[in-house]
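Structure record follows, encoded as structure tokens.
The values are calculated or read from the model by the stated rules, or taken from the named source; none is laboratory data. Worth saying up front: this structure is predicted, and the values here are computed from it rather than measured. Here the Cβ is made from the backbone with ideal geometry for all residues, glycine too, and neighbour counts use every protein chain on show. Keep in mind that these areas ignore ligands, DNA and RNA; they rest on the heavy atoms of the full protein, side chains included. Shrake-Rupley method; radii C 1.70, N 1.55, O 1.52, S 1.80 Å.
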Amino acid sequence: MLKYNALTIEELGYCIIRHPLIVSSQTTVRDAINLISSLRSFCQTNHDENYSKNVLEIEARSSCVIVVEEEKVIGILTERDIVRLSVDYPSLNALIVGDVMKSPVITLREKQFDNLFSVINLLHQYHIRHLPILDQDDHLVGLVTHESLRQLSRPIDLLKLRQVREIMITEVICTPPQSSLLEVARIMMINKISCVVITENIQSKAIKDTDEDRQQENYPSQKPLGIITERDLVQFQALNLNLQDYQVHTLMSTLVFNVNLNDSLLTVQQLMEEHLIRRLLVTGSQGEILGIVTQTNILQALNPMEIYNMATMLEKKIKQLELEKYALLYNRNRELKETVKKRTIELHNKVKREKLIGEIAERIRVSLHVEDILNTCVEELQAFSMCDRVLVYQFEPDWSGVIVAESVRDGLPQSIGNKVEDCCFQESLANGTKYNTDEAIAINNIYTAGYPDCYIELVEQYQIKATLIVPIRLQGQLWGLLIGHQCEDFRAWQEEDITLFQEIVVNLAIAIQQSINYHNLENELKERQKAEKLVQESDSRFRQLAENIDQVFYLMDLQQEQVLYINSSYEHTWGKSCQSLYNNPLSYIENVHPEDRYLVTQAYEHQKLGKQTTLEYRIIRPDGELRWILDRTFPVKSSDVNTCRICGIAEDITEGKLNDIELIKSQTQLEITSHRLQEAQRIAKLGHWEHNFRTNLSHWSDEVFEIFEVNKDTFTGNYEQIIEFVYPDDRKSFHQSYQKHINGT
């Protein structure tokens with residue numbers, strides 16, 4: 001009978017490669033190559049059961065990049081495309097993926113992926129090796145390739161019955177070892193193939209096996225030396241190798257595995273899976289090349305028509321096997337009934353135990369207080385597990401411990417609240433040599449467990465004979481222990497006992513962490529409420545201050561162009577409502593005098609740069625009144641570098657400004673009058689002078705110097721020099737007059 005059943009949707013989903021490599025249309029081809037190469041550089045060191053699957057997934061993901069724009073698939077760039085570009089362009093550094101990608105792309109919706117062979121036919125129909133899978137919104141969810149399909153295409157009998165000679169490619173493209181990598185790339189592009197075999201000529205004897213006769217003849221053939229694949233060329237591009245400068249024999253992969261004409265496809269399939277290869281050479285008895293088999297050939301052999309024909313051939317055998325199967329099933333059914341009966345009893349007990357675990361877990365979780373959680377846990381667990389004592393032991397920072405919860409059978413000593421200090425025990429915990437894993441420790445007999453005498457003396461105080469210990473970890477850190485004691489007699493702990501304790505520990509750890517988080521949040525909430533109260537008080541004081549000053553006080557977010565606060569003085573000064581500024585943060589500029597708007601706009605740009613500004617400008621109120629404003633702004637520092645806020649104080653300086661203007665006018669008039677006086681003195685040959693009593697210095701006009709015939713360069717201006725210019729007989733009266741002026745009489 002043909003061993004192939006229709007695959008389920010879940011099984012089909014396994015061949016969808018999730019998280020394919022994605023680039024944008026503006027990505028350079030060089031970056032796309034590096035992305036593919038970086039994925040292949042991943043090396044899994046542990047060869048576990050998933051190793052082949054993981055390597056296959058990496059091979060499939062690294063075979064192409066999918067071009068996505070606005071979450072839509074718009075193109076694809078494959079290894080074959082990169083080989084073609086390597087031939088067409090001397091350098092790939094300047095190429096953009098969007099210019100060279102294949103578009104549009106053949107895709108398939110995931111909900112339509114319900115049949116393996118329909119996908120295989122789709123790949124064959126369009127001669128493609130990559131099929132992007134989309135969801136109902138045309139968003140990319142994965143990729144199907146020959147590699148990923150091969151892991152599911154396993155109709156074993158069909159593969160056994162088909163031979164290599166039936167499906168192999170006989171025209172193998174070869175090249176000599178002296179060829180350059182660029183020539184190999186050109187061969188791949190022209191012939192649309194994924195590999196080129198490196199060969200040397202040999203003289204071979206071929207045996208022709210026909211119905212008429214058997215004969216031998218000599219003819220020249222090709223002996224394989226190595227192989228260069230599309231994948232190799234992509235890797236060489238990632239290494240920035242100049243393909244023209246390297247001969248293939250220096251970089252080719254040496255061929256290790258091959259098959260012969262009579263091998264089954266099952267052998268080919270197994271070799272490919274075991275050694276993670278995509279193609280095998282078919283060789284003769286003397287090592288000559290007869291053909292090549294690829295994973296594409298394997299998939300072609302698994303089309304629906306082939307399977308249908310095979311099913312027809314085996315139809316007769318199926319009837320015979322059905323009779324044998326009936327007898328086998330009858331005997332097997334009788335055995336299964338006995339097994340089911342036994343398993344039913346086991347499952348009934350398991351369901352009962354899991355139900356109790358769920359009830360205990362639910363009771364633990366409904367409480368947010370650690371003490372209630374622990375007490376509930378030990379009471380329920382002690383009753384169900386039939387232990388003489390169940391307790392929770394919590395570690396202190398110095399690795400001593402306290403028994404924080406206990407449930408014990410009547411007649412046995414209690415240990416609740418006891419603190420345990422043991423130097424050896426604490427040292428082993430500190431060094432990480434004890435309880436460093438989550439595994440349970442089951443001791444059936446404490447006297448045969450190899451414990452030291454000091455520990456035996458400690459546990460004998462509580463009449464312990466057998467113990468089961470499971471570590472409790474919170475966020476990876478050892479928090480404590482859940483311990484079960486048997487005191488009446490020794491106990492052989494069963495797997496069910498260990499599983500029960502471990503499952504309880506999982507729920508217990510969640511509940512403890514939940515309680516700790518709750519109390520932390522509760523404390524944080526209290527602190528936050530306290531901080532909010534202080535903020536509210538501070539905000540109230542700020543508003544009292546801001547609303548009772550004559551100046552306009554404001555706070556703005558320049559990045560968002562938003563007014564965060566403006567006091568009521570704005571309405572008095574600008575003659576507009578505060579709400580109008582909230583609605584349009586730049587509306588205050590509308591009232592600025594046209595001649596001053598450039599200055600205000602320039603200051604606004606400086607403020608965006610975080611600079612402090614001071615500016616005087618005029619505004620025209622809605623009632624037509626002109627006012628002068630002194631506006632000072634200060635940047636508000638914040639830890640957020642993107643925040644751009646300023647606070648400002650705008651003061652109405654109209655009255656002072658008008659006084660300054662009047663003062664300037666008066667000074668100007670005084671200067672004019674002084675100039676006229678000086679001109680009159682010059683014409684009348686009159687002079688004037690001033691003397692400062694404090695500094696003892698005088699100032700003379702030019703006319704005075706001419707009257708006294710004194711040289712300006714030698715004049716010091718002090719009183720002692722001036723009195724020398726007075727006639728000797730008049731000096732006394734001059735001095736008396738000088739003293740009167742000093743005394744103010």
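The candidate values were (i) 28.1; (ii) 38.8; (iii) 29.4; the one computed from these coordinates for Kirkwood radius over Cα pairs in Å carries the label (ii). Model label points for Gln178 and Asp550, set 7 angstrom from Cα along the Cα-to-Cβ axis, are 10.2 nm apart.
What angle do you read, to the nearest 10 degrees and between 0 and 90, between the alpha-carbon axis of helix 29-40 and the longest principal axis of the chain? Helix 29-40 and the main axis of the chain meet at about 50 degrees.
Sparsely packed loop sites in the range 662-740 (the trypsin sites (Lys or Arg not before Pro) outside DSSP H, G, I, E and B with at most 14 other Cβ atoms within 10 Å) comprise Lys685, Arg694. Taking amide H as placed 1.01 Å from N in the peptide plane, the amide H of Ile22 sits under 5 Å from that of Ile66, each at least 5 places away or on another chain. Can you give the angle from 0 to 90° between the axis of helix 304-313 and the longest principal axis of the chain, with both taken from C-alpha atoms, to the nearest 10? Taking Cα atoms only, the helix is inclined about 20 degrees. The angle between the Cα long axis of helix 370-385 and the longest principal axis of the Cα atoms of the chain comes to about 10 degrees, rounded to the nearest 10. The relative contact order of the range 366-520, computed from alpha carbon pairs under 8 Å that lie at least 6 residues apart in sequence, is 26 percent.
Amide hydrogen proximity for Arg473: with H placed 1.01 Å from N in the peptide plane, the residues at 5 or more positions away or on another chain lying under 5 Å are Trp479.
Solvent-accessible surface of the chain, averaged per residue with a 1.4 angstrom probe and all protein chains in place: 59 square angstrom. The residues neighbouring Ile9, those whose beta-carbon lies less than 12 Å from its own, together hold a net charge of -3 under the Lys/Arg +1, Asp/Glu -1 convention. Once neighbouring chains are kept in place and the probe is 1.4 Å, which whole percent of the accessible area of the range 366-520 is contributed by carbon and sulfur? Percent of accessible area from carbon and sulfur atoms in the range 366-520: 48.
Computed over the chain, the per-residue total of -39500 (n - 2.57) for DSSP H runs of n ≥ 4 gives a 222 nm mean residue ellipticity of -14000 deg cm²/dmol, rounded to 500.
When the chain is described by a simple charge dipole with +1 on each Lys and Arg Cβ and -1 on each Asp and Glu Cβ, the residue from Ile16, Val459, Gln602 located farthest towards its positive end is Ile16.
Measure up Lys53/Lys223; Lys325/Lys350; Lys53/Lys160; Lys53/Lys352; Lys53/Lys325; Lys419/Lys530 against 27 Å on the Cα-Cα distance and list the ones that go over. Distance filter (> 27 Å) returns Lys53/Lys223; Lys325/Lys350; Lys53/Lys352; Lys53/Lys325; Lys419/Lys530. Electrostatic tally near Tyr738: other residues with Cβ closer than 13 Å to its Cβ, Lys and Arg +1, Asp and Glu -1, net +1. Computed 3J(HN,Hα) for the range 173-182, one whole-Hz value per residue from the Karplus formula 6.51 cos²θ - 1.76 cosθ + 1.60 where θ = phi - 60°, is 7, 10, 8, x, x, 7, 5, 7, 4, 5, glycine and proline marked x. Computed about the Cα centre, the dipole magnitude for the chain is approximately 2260 debye when only Lys and Arg (+1) and Asp and Glu (-1) carry charge, each at its Cβ. Computed on the chain, with alpha-carbon pairs under 8 angstrom and 6+ residues apart, the relative contact order is 7 percent. Between the amide H of Thr199 and those of Thr175, Leu225, distances stay under 5 Å, these residues lying 5 or more places away or on another chain, with hydrogens modeled in the peptide plane.
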